[in-house]
Amino acid sequence: MAGAAVLERLTPRVPVTWRVATVRAVVDETPTARTLVLDVPGWPGHVAGQHVDVRLTAEDGYQAQRSYSIASGPEDPGLAITVQVVPGGEVSPYLAGEARPGDELELRGPIGGFFAWRVADGGPLLLVGGGSGLAPLMAMLRHRRAQASTVEARLLASVRGPADALYRAELDALGPREGLRVAWTYTRERPAGWTGFTGRVDAGMLAAVAPPPEAAPRCFVCGPTPFVETVADLLVRAGHDPRAVHAERFGPTGS
C-alpha cells in the first residue's frame with residue numbers, strides 16, 4: 001500500500017555465530033509466558049529492539065529454530081527473552097514450560113538494525129505492543145531506565161485480559177516516571193472497575209496516547225502480523241511519517 005509503513009526484520013551486516021547459552025533464571029510472567037535469563041559467553045552486546053535466534057536439538061539430531069526478541073536492556077547483566085507458549089509448537093512449549101536453570105541451548109545474535117533504539121537517538125517515543133510483542137519495547141524502556149533518561153516515551157499495550165498483561169507490575173513501577181506514560185487496552189476481559197481502554201487498538205486510542213505527528217515521534221510497533229499492519233497503517237493515516245514507523249511482527253510459525 002502506498003505510504004504504508006515499512007514492515008521488515010533486517011539481518012545483521014556481519015555474520016553471527018551460534019553460541020551455547022545457559023539458563024540462569026526463569027521468571028513466570030503469566031500462565032502462558034515466562035522469561036528466561038541467559039548467560040551467554042562471548043556475547044557482543046545488543047541494542048534495545050534486536051532479537052536472537054534460538055535453536056534446540058533433539059537426541060535424534062532433529063533441530064528446530066525460532067526467533068525471539070530480546071527483552072532485557074543492553075545494560076542488564078543477563079540476556080532475557082520472554083516466550084509465549086504456542087500450542088503444538090516445537091520450541092515454545094519447552095522454553096516456556098520445561099527449561100530450568102542450568103539447561104543449555106544454542107543462540108545466535110544479536111540480529112536486526114531497523115527495529116532498534118538507543119537513548120542517544122532521542123524521542124519522543126511511541127511504543128505499541130500486542131501480546132508478547134511487548135518484549136522488545138520493554139527492552140527499550142529498561143534501557144531508558146538504566147540511562148536515567150527522561151526522553152518522552154508513551155506505551156500502549158494491548159492484551160486479552162489481566163492474566164495476559166506481561167510486565168504489568170514492573171511497568172507500574174518503572175522509572176524515570178518523568179516523561180513516561182503507560183496505557184493498556186484489554187480486548188476480551190477487563191480488570192474489575194477498569195475505566196481505561198477496551199477493545200482492539202484503533203485510531204481514537206492512538207490519538208489519545210501518541211505524541212502528535214508534528215512532534216515527529218519515533219514509533220515502534222510489535223505484535224502479531226495483523227495487529228502490526230493495522231496499527232502501522234493507522235499511524236500513517238494519522239499523519240505520522242512512514243519512515244518513522246518501525247514495525248516488527250510475528251505470525252503463526254508453530255514456534
Self-check item: Ellipticity estimate at 222 nm from DSSP helix runs (n ≥ 4, -39,500 (n - 2.57)) divided over the chain, nearest 500
Solution: -5000 deg cm²/dmol
Quiz prompt | Antiparallel %, DSSP beta bridges [both residues in the chain], to 5 | solution = 55
Exercise. Specify whether the C-alpha gyration tensor of segment 27-87 places it in the rounded, prolate or oblate class, a ≥ b ≥ c being the square roots of the eigenvalues: rounded for a/c under 1.5, otherwise prolate if a/b is larger than b/c and oblate if not.
Key: oblate
Exercise. State the Kirkwood hydrodynamic radius of segment 119-250 in Å, one decimal place, computed from all pairs of distinct Cα atoms.
Key: 14.7
Quiz item: In sequence order, what are the phi-derived ³J(HN,Hα) couplings for segment 235-240 according to the Karplus relation 6.51 cos²θ - 1.76 cosθ + 1.60 with θ = phi - 60°, rounded to whole Hz, with x for glycine and proline?
Solution: 5, 5, 5, 7, x, 6
Quiz item: Between residue 198 and residue 183, what is the spin-label point distance in nm, taking each point 7 Å from the Cα along the Cα→C-beta axis?
Solution: 1.7
Self-check item: Burial order of peptide ranges 98-104, 151-157 (average beta-carbon count within 10 Å, highest first)
Solution: 151-157, 98-104
Quiz prompt | Rounded if a/c under 1.5, otherwise prolate or oblate - segment 117-182, Cα gyration tensor axes | solution = prolate
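Read the figures in this text as sums done on the coordinates, not as results from a lab. Just so you know, these numbers come straight off a predicted model, no measurement behind them. Virtual Cβ from ideal backbone geometry, glycine too; neighbours counted across all protein chains shown.
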